[in-house]
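These notes concern the structure reproduced below.
The values are calculated or read from the model by the stated rules, or taken from the named source; none is laboratory data. Since the structure is predicted, the reported quantities are computational estimates derived from the model, not experimental observations. Every residue, glycine as well, gets a Cβ built from its backbone with ideal geometry; the counts of neighbours run over all protein chains shown. Areas reflect the complete protein model, heavy atoms only, side chains present, ligands, DNA and RNA absent. Shrake-Rupley method; radii C 1.70, N 1.55, O 1.52, S 1.80 Å.
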Amino acid sequence: MKIALTLLATLLLAFVQSNVYGQKKFELADYAKFVNISDPQISPDGKSIVIVTSRPDYVQNRFNAELVLVDVATGTKRILTQDRFSVSSPRWSPNGDQLAFISRTGQGKDVTNQLFLLSMQGGEAKQITKSPKGVQHFAWSPNATDIAYAALNEPKNKTDIEKGYTSFEITNNDMFVGSQPLPAHIWIVNTITAENKRITDGDWSLPLVIPPSAPSSPFSWSPDGKTILFVKAASAYSGDGQKRSIQRLNVADGSYKPLTDRTKFEGYPNFSPDGSKISYWYKKGNINGSINELWVANTTGGAGKSISEKLNRDLYLSAWMPGNNGFLIGGHNDNKTSIWRMDLDGKTTPLDLGNISPSWSFWLDATVSKNGAIAFTGTEPNKPAALYYMENSTAKPVQLTDYNNEVAKLTFGKTETIRWENDGLKHNGIITYPVNYEQGKKYPLVLVIHGGPATASVEQFARFSQILANEGYFVFEPNYRGSDNLGNDYKIAIVADAGAGPGRDVMAGLEKLKATGMIDKDRIGVSGWSYGGYMTVWLAGHYGGWKAAVAGAAVTDWVDQYNFSDANIGRADALGGSPYVGDNMKKYIAQSPITEAKNIKAPTLILANIGDPRVPVTQSYKLYHTLVDNGTVTKFIGWPIPAHNATDPVTQMERDRLWLNWMNTYLK
């Protein structure tokens, strides 16, 4: 009888822990329930929105995507694509009769992304390109017949390569490039005849994207269909990516000329609806690390003027509103992701989004219709992604999808903003409370520091933070100088001060949090990925008191970043010049966390992708040997992935499980 009662008590305790007031604990296994929603595109008649939905498939270890048509009036959904696990970039034809999108074709090494066309009258999608290297992005012509698309050239010495002559010139590329970087150029396909015609060629290139990063600058057709705006990069070598300028292409003869006399930092050009003006992005002050400003110029040429200077925020969205007299713009703003209506004189009016945070991943996922309606994807702190619709910029958002309703019913910790000051700067960060928080009780704390550094932690649904909250942790996501949420001076304050200043910012925020009395000061862990990994190693090496650390894809040595990463020489602007000129090497050494990593005492988990071009794994090896040689408890886990972030669901879950288990081992 006693054994039975004990077993019953154990089962009841497990039930209570897993079900709080009828709610189930949010766990790693629940990742399988998430549906990602992206790239909303409003139809020309304004009656429907096409979106991309994707679900994790843990058997095939991939994300299965579909195009879904959502009726604006009723929210009714209709799946448009079948048996295509990879679809992206849906774009309506100007008359709304067809939908173009990118999908994978082929098998094994022959897999490429090609352009497909789907009639809205029904039937199967048809492939209209057979580009040997695949299609990167595209844009419809106003004539509703032609589509301009970007595709990589084939190697000039293809025949020699097939014979075994595989040497290539190495300049400003990352260490994992295994062949001559190929430039991307403009082609046009006729959707009726499927005729493909090359428009541009040369050693220069359209901007190339190495994820994670902003999407390549899309094309913009003039309303009369005679001109295409595009961005020209100096070469296909990734280190030359800053050398980019806006060009105006004459479609008839393939000639092009620059919009301005600049040679760097221009991007994202867009014709106004009437074709009289061109908007584009340009780095404030011609400084690589500064914010994106929105400029407006006449179509005839010239730089024009910046209209977003008064707003003083880093922009990740700029879409012309109907009538040629303003924009829908967006970016991080204090502790939020915001969308504004901006007039041509720079006057801004924020959209009232309530607690909704528009989705962001180097690009704000929102679009504007011909009549001024707005569609975007977004989250709330306790609510995963959904599609939202606004009839106009003054309307309240209406939720049109509930794909993640099952996840939203699980238990989540309360989220709020904490603010503090340090070194004369105002800072903020996001705190997630432990689930079932009890006032007066002290809890362990995990810092989850954002990467970038040009991004920000804002009040939104943060999946891993909520996993930690369900394990009984406070989670602190600090913003620090270099983040992009508080204007240009705040963002560039990190120049030549990569670690010390940001480190003081984070520690000041931590002290503010400790002073609340909610934190168990003897159980604090520090962690992050990419620049968050950099900050983790910096803080663990310069400050004591940590009980655990997780350094993911961590920058530890700026010299390696300069020599081996995809941005390579582009790092010099933020660090004081080339490390090989004058006394600059001293600056690199002083700002590299590896210099003081010998002081790290906290048990440290190192995570890295072996083929990461953004933060080469050499830096994780250096950290591993430094820690082991100095007697620090260390584990180094790597994945055979040629990317900065895992794109498959199995690795994403495994990474989070290892991260969580490390904290549980040393903080509980």
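Based on the reciprocal of the average 1/r between different C-alpha atoms, the Kirkwood radius for segment 396-530 equals 15.9 Å.
Taking the square roots of five times each eigenvalue of the Cα gyration tensor of segment 521-668, the equivalent ellipsoid has semi-axes of 25, 19, 11 Å, listed largest first.
For the residues Met585, Met342, a 1.4 Å probe over the protein chains yields an accessible-area ranking, largest first, of Met585, Met342. Placing +1 on the Cβ of every Lys and Arg and -1 on the Cβ of every Asp and Glu, with nothing else charged, gives segment 305-393 a dipole about its Cα centre of roughly 100 debye. Dividing the mean sequence gap of close Cα pairs (under 8 Å, 6+ apart) by how many residues the chain holds gives a relative contact order of 10 percent. The modelled label-to-label distance between Asp45 and Asn95, using points 7 Å beyond Cα along the C-beta direction, is 1.4 nm.
Summing +1 for each Lys or Arg and -1 for each Asp or Glu among the other residues whose beta-carbon sits under 10 angstrom from that of Asp71 gives +3. Solvent-accessible surface of the chain, taken per residue with a 1.4 Å probe and all protein chains present: 42 Å². Compare the Cα positions of Phe474, Ile519, Ala496 along the charge dipole of segment 468-519 (+1 at Cβ of Lys, Arg; -1 at Cβ of Asp, Glu; about the Cα centre) and return the one farthest towards the positive end. After comparing all options, I get Ile519. Remark: the chain carries a charge dipole of roughly 760 debye about the Cα centre, counting +1 on each Lys and Arg Cβ and -1 on each Asp and Glu Cβ.
Find the centroid of the Cα atoms in segment 456-513 and in segment 532-594, then give the distance between the two in whole Å. Measuring centre to centre over Cα atoms gives 18 Å.
Approximating the spin labels as points 7 Å out from Cα along Cα→Cβ, the Ser578-to-Lys414 distance works out to 5.6 nm. Once the Cα-Cα distance is subtracted from the 0.36 nm per residue extended length, the Lys347 to Thr193 segment shows a gain of 50.8 nm.
Take the Cβ atoms of Lys442 and Tyr543, set R0 to 22 Å, and the FRET efficiency comes out at 0.60.
Per atom type, the chain shows carbon and sulfur on 51% of its accessible surface, probed at 1.4 Å.
Here segment 612-668 is treated as a Stokes sphere of Kirkwood radius computed over C-alpha pairs; at 20 °C and 1.002 mPa s its diffusion coefficient rounds to 165 µm²/s. Computed on segment 311-431, with alpha-carbon pairs under 8 angstrom and 6+ residues apart, the relative contact order is 16 percent. Projecting the Cα atoms of Gln98, Leu317, Ser306 onto the charge dipole of the chain (Cβ charges, centred on the Cα centre) puts Leu317 farthest toward the positive pole. Of the cross-linked pairs Lys24/Lys47; Lys441/Lys547; Lys283/Lys336; Lys264/Lys305; Lys24/Lys441, those separated by over 28 Å at the C-alpha level are Lys24/Lys47. Membrane-span-like helices in the chain, defined purely by DSSP H runs whose alpha carbon atoms cover 18 Å or more axially and whose average Kyte-Doolittle hydropathy reaches -1.0, are 2-18, 500-514, 649-667.
Suppose we look only past 17 Å in the calculated P(r) of segment 281-406. What percent of the Cα-Cα pairs does that tail hold? Value for segment 281-406: 58 percent of Cα pairs lie more than 17 Å apart. If R₀ is 45 angstrom, what is the calculated FRET efficiency for the pair Gln121 and Asn661, using the beta carbon separation as r and rounding to 0.05? Approximately 0.25, to the nearest 0.05.
Which longest uninterrupted range of the chain lacks any GluC sites (Glu not before Pro) assigned by DSSP to a loop state (not H, G, I, E or B) and surrounded by at most 10 other Cβ atoms within 10 Å? The segment 170-437 is the longest one with no such site. When segment 237-396 is described by a simple charge dipole with +1 on each Lys and Arg Cβ and -1 on each Asp and Glu Cβ, the residue from Asn371, Pro350, Phe265 located farthest towards its positive end is Phe265. Max-minus-min Cα coordinates of segment 469-579 on each principal axis give 45, 28, 25 Å, with the largest extent listed first. Along its principal axes, the chain has C-alpha extents of 82, 65, 56 angstrom, given from the largest down. What number, rounded to the nearest 500 deg cm²/dmol, is the helix-based mean residue ellipticity at 222 nm of the chain, given -39500 (n - 2.57) per DSSP H run of at least four residues and division by all its residues? It comes out at -5000 deg cm²/dmol, rounded to the nearest 500.
Net charge in the neighbourhood of Tyr562 (other residues with Cβ under 15 Å of its Cβ; Lys, Arg +1, Asp, Glu -1) is -1. If you take all other residues with their beta carbon under 11 Å from the beta carbon of Gly429, and give Lys and Arg +1 and Asp and Glu -1, the sum is -2.
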